Amino acid sequence: MRKRKQNWFYGISTHTGSVRQSNEDNVYINTIRDRKGNEMLVTVVADGMGGYDAGDVASETIVTMIDKWFRKKVPPMLALPYPFTKIASEIDKLLQKANATLISEGEKLGNKMGTTASILFLYKNQYFITHIGDSRIYQFSENPEQEQEDNYQLIQLTEDHSWVMDQVKKNLLTEEEAEKHPKKNLLLQCLGITENFSPFMTQGSFSKQDTFFLCSDGFYNIYPKQALLEGFRALQGSDQTFQSFADGLVNDADQRGATDNITVSIVTPK
């Protein structure tokens, strides 16, 4: 992984947690530059399925495939007028290939290998997201509808591919009921389990004051959104590094009683 990330403040952290015996999560971050020196950043959180064998292999497989593709295939795309259009097409093919690889490897082992994949690209004040599963990507930014000084908001940019969120969309469950439902960990989509899936994709813009936050369900299932929002507010203008903040969030989640692996990635432009 390249160490030069001059245009960004960032922090990534992952922890097995105090309950699980192994860490099936993976986290990744990297950058490339166009001919004018503009950096594109990609960061990924992948959560191997705890209910399936070899979840750590599954999450590592998708991260490794994204790393190889990003370093070798994406740089020429930055010369295109709209690189995200090409990236959207190519990342979809990559996910299809990864899915087929995981299914094939699982069949060889006689065990299913599943993983989520939440992938964020940042380039020239624009973001592009492709996502499958129930890991999440948030955007922390100012709320233009509020005039008071402390007007920050934390918006979830991805949709959970879970049974409970499907019930919420159908107005059969409230979000509060979904958070406590015994089936909250049941996924409708992930990589490596079935041949057919439909990734969630979206894009938008960001400012230099915005921060992006990726996490596995092991984090958000135990960490209150309000506490996370307050943490980001405190981070603004402080001397704390993003790496220290990321490590602190993971450790705090573990202390709060997390029962799963815990992974976060935090990025903001300099």
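The values are calculated or read from the model by the stated rules, or taken from the named source; none is laboratory data. All values reported here derive from a predicted model rather than from experimental measurement. All Cβ positions, glycine included, derive from the backbone under ideal geometry; neighbour counts span all protein chains shown. Heads up: the accessible areas ignore ligands, DNA and RNA and are worked out on the full protein's heavy atoms, side chains in. Shrake-Rupley method; radii C 1.70, N 1.55, O 1.52, S 1.80 Å.
Below are the figures for this structure:
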quantity	calculated
Only one of ASN196, ASN185, ASN171 that is modelled with pLDDT under 95 and either outside any loop (DSSP other than H, G, I, E, B) or on the phi > 0 side of the Ramachandran plot (or both)	ASN171
Condition met for GLN189 (under 16 Å from the mean Cα position of the chain (by Cα) and open to solvent by 30 Å² or more (accessible area, probe 1.4 Å))	yes
Unmet criterion (only one of (1) in contact with a Ser or Thr (Cβ under 9 Å, 6 or more places away or on another chain); (2) in a strand (DSSP E or B)) for PHE219	(2)
Residue that is least open to solvent (accessible area, probe 1.4 Å), among those in region 85-123 that are at pLDDT below 95 and of a type in the set (Lys, Arg)	LYS112
Conditions (1) open to solvent by 30 Å² or more (accessible area, probe 1.4 Å); (2) more than 24 Å from TRP8 (Cα to Cα); (3) touching a Leu at 6+ places or on another chain (Cβ under 8 Å); number of the one not met by PHE200	(3)
Failed condition for LEU41, given (1) under 24 Å from THR14 (Cβ atoms); (2) in a helix (DSSP H, G or I); (3) among the hydrophobic types (A, V, I, L, M, F, W, C)	(2)
Count of residues meeting criterion [touching a helix residue (DSSP H, G or I) at 6+ places or on another chain (Cβ under 8 Å) and either touching a residue at least 60 places away in the same chain (Cβ under 8 Å) or farther than 16 Å from GLU179 by Cα (or both)] in region 199-219	6
Selected residue [more than 15 Å from the chain's Cα centre (by Cα), among the hydrophobic types (A, V, I, L, M, F, W, C) and not in a strand (DSSP E or B)] from ILE62, ILE87	ILE87
Which listed residue is of a type outside the set (Asp, Glu), part of a helix (DSSP H, G or I), at negative phi and free of Cβ contacts under 8 Å to residues at least 24 places away in the same chain, from PRO81, PRO76	PRO76
First in region 227-254 and in contact (Cβ under 8 Å) with a residue 24 or more places away in the chain and farther than 21 Å from ILE155 by Cα, second anywhere and of a type in the set (Gly, Ala, Ser) and open to solvent by less than 60 Å² (accessible area, probe 1.4 Å), Cβ under 8 Å, 6 or more apart	THR241/GLY11; GLN243/GLY11; GLN243/SER13; SER244/GLY11; ASP247/GLY11; ASP247/SER13; ASP254/GLY17
